[in-house]
Amino acid sequence: MSGPSYSLKALAAKVNGKLVGDPNVSISSIATIQNASNGCISFLANPKYKQYLVSSSASAIIVSPEYSEDLKTSGIISDDPYAAYAIISSLFNFHLNPYSNKDSTFFIHETSLVHDSAIIGPNVYIGPNCKIGENSIVHANSSLVMNVEIGKNSIIHFNSVLGSDGFGYAPGKDGYIKIEQLGKLIIGDEVEIGAGCTIDRGAIENTEIHNGVKLDNQVHIAHNVILGKNSAIAASCAIAGSTKIGKNLQMGGLSGILGHLEISDNVLIGAHTLITKSIDKAGNYVGIMPAQEINDWAKSSVFIKKRKK
């Protein structure tokens, strides 16, 4: 299916960038700088790809001011080429509503409310006391179990389960006694939740995912977690219950945060890192041990145990 094309002048205006070269160059697609062809626009955000500025076949390239002299073709000068690329990418999305021409079968509980502008995919379950705001999308095979509120312009990707029971049990003499989860899961505006994520509703108070949060696939967030606005979490991370996290958290893949902690604003957590204590200062935290043969690891572990500050 052929899509729209745009003049380079129009794209430069869209991203508030400085036009270089032919303003009438026609752009019909986006490509990586090393694989672009005629009609494509590309971008240079990572300096390690600078070598392709000379050899790229792109019709136009978005670059930062520091690389403007290296451009050998038409382009756009932007202070943030990656952000400019992100804005332009929205012009080439041909399936804003993938379900508009399909029969959708889904269940909405009588106590729940779905805004008229929201998009609901096939086989979606929306349980009691749920609300979905304007222009939000819930993709196929996802479930809002109960007591879930989703704000405006949010996206729930395939197979995610929201508002499931938190992991709450009281030990008794004859085994575990289930604690009913009576709180809500409140998801803000402009939130994007990846495929296969699970987020529990609160036990008594609420689980909160604040505005602008972005979750990759297969992220688990336990009951009563508060996740601050504009946080971004990569795949296969987990956050245990009742942890409170400030804004702008960035969390690398396969990381974890234990429960009942407090994490300040502007914390970066490296991949494979486990946070076991509260963090009260912004910064970049990492606890990665490179893979070693088992005998070498045994020696390293002895050194780590003996090492004193």
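Each value in this text was obtained by applying a stated rule to the coordinates, not by laboratory testing. None of these values were measured; they are calculated from a predicted model. No Cβ is skipped: glycine too gets one built from the backbone with ideal geometry, and neighbour counts run over all protein chains shown.
Numbers below:
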read-out	value
FRET efficiency, Lys173 to Asn129 (Cβ-Cβ, R0 22 Å, nearest 0.05)	0.05
Net +/- balance of residues flanking Lys152 in space, Cβ distance below 9 Å, scoring K and R +1, D and E -1	-3
Mean separation of Cα contacts under 8 Å (6+ apart) over length of the stretch 202-309, as relative contact order %	16 percent
Sorted by Cβ neighbour density within 10 Å, fewest at the top, the residues Met289, Met251	Met289, Met251
√(5λ) per eigenvalue of the Cα gyration tensor, the stretch 107-285, largest first, Å	26, 21, 13
For the stretch 116-123, 3J(HN,Hα) per residue [Karplus equation, 6.51 cos²θ - 1.76 cosθ + 1.60, θ = phi - 60°, Hz, x = Gly/Pro]	4, 8, 6, 10, 10, x, x, 6
For the stretch 107-285: relative contact order, % (alpha-carbon pairs under 8 angstrom, 6 or more apart)	12 percent
Ranking of Ser255, Ser7 by count of other Cβ atoms within 10 Å, fewest first	Ser7, Ser255
Selected from Ala240, Ala31, Ala195 as most flexible by GNM, with the chain as the system and alpha-carbon contacts under 10 Å	Ala31
Exposure proxy order (Cβ contacts within 10 Å, fewest to most) of Ile119, Ile221, Ile126	Ile119, Ile126, Ile221
By average C-beta atoms within 10 angstrom, highest first, the peptides 273-281, 55-63, 15-23	55-63, 15-23, 273-281
Structure-derived Kirkwood radius over Cα pairs in Å: which label, when the choices are (i) 22.3; (ii) 21.7; (iii) 20.2	(i)
Per DSSP, loop trypsin sites (Lys or Arg not before Pro) in the stretch 154-236 with at most 13 further Cβ within 10 Å	Lys173
Gain in span if fully extended, Ile87 to Ala282, counting 0.36 nm per residue against the direct Cα distance	67.3 nm
Two-site FRET efficiency, Ser29 against Ala298, from Cβ-Cβ distance with R₀ of 51 Å, rounded to 0.05	0.45
Relative contact order (percent, whole number), the stretch 8-86, Cα cutoff 8 Å, 6+ residue spacing	30 percent
Value at 222 nm in deg cm²/dmol, rounded to 500, when DSSP H runs of n ≥ 4 in the chain each add -39,500 (n - 2.57)	-3000 deg cm²/dmol
